[in-house]
Amino acid sequence: MQKDYILREIEKIVYSITRLAGFKNAINPEAFIQHADQMLQDEYDLKLNDLLKLSIENFDILLDERNYSPEKLDALAQLLYMYYEPFAANDETLTALQKIISIFNLLEKKHNRTSFENINKRNAIYQFLQNNYE
């Protein structure tokens, strides 16, 4: 029964991320932001603007307090990555990239989860940071 619930939750998240990617690829930022905000509200009880405004410290506290499942953490990292890609060298993007890395670290350390996709994204983030901040 619990396995079915988890599978349904994963399917919902994958569907939402796929829709977000479609909006992003169709160069429809309004639809992307609207769907991202709705997904965050439904799945995380967060608003997009509130999430983006959090400092990295408060973001880490939020993740610790809410104790999201690994699937929800991964979906949150994917959403933030999509939102900021292509990366711009500014303070907002830097904070967002730190949040994504924080999620990847949490997935690896607390949940013993990693993926080739996340490793590639982590490498792309590090390359961007190296090119723009060192």
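For the range 75-120, the tally of residues that are within 21 Å of HIS35 (Cβ to Cβ) and either among the polar types (S, T, N, Q) or under 11 Å from the mean Cα position of the chain (by Cα) (or both) stands at 15. Residues that are within 22 Å of LEU94 (Cα to Cα) and at pLDDT 65 or above were ranked within the range 7-35; the one that is surrounded by the most Cβ atoms within 10 Å (Cβ to Cβ) is PHE32. For the range 95-134, the set of residues classified as farther than 20 Å from LEU54 by Cβ and of a type in the set (A, V, I, L, M, F, W, C) consists of PHE116, ILE119, ALA124, PHE128, listed by residue number. Examine the range 36-44 for a residue that is exposed (fewer than 12 other Cβ atoms within 10 Å of the Cβ) and modelled with pLDDT under 95, and state whether such a residue exists. Within the range 36-44, one or more residues are exposed (fewer than 12 other Cβ atoms within 10 Å of the Cβ) and modelled with pLDDT under 95.
Listed by position, the helices (runs of 4 or more DSSP H) enclosed by the range 29-134 that each have at least 3 residues that are in contact (Cβ under 8 Å) with a residue 40 or more places away in the chain are 29-44, 56-66, 70-84, 91-109, 116-133. Of the residues making up the range 59-87, those that are of a type in the set (S, T, N, Q) and either over 13 Å from TYR44 (Cα atoms) or loosely packed, with under 13 Cβ neighbours inside 10 Å (or both) are ASN67, GLN78.
The values are calculated or read from the model by the stated rules, or taken from the named source; none is laboratory data. As the structure is a computational prediction, the values presented were derived from the model and not from experiment. Ideal geometry is used to build each Cβ from the backbone, glycine not excepted, and the neighbour counts take in all protein chains shown.
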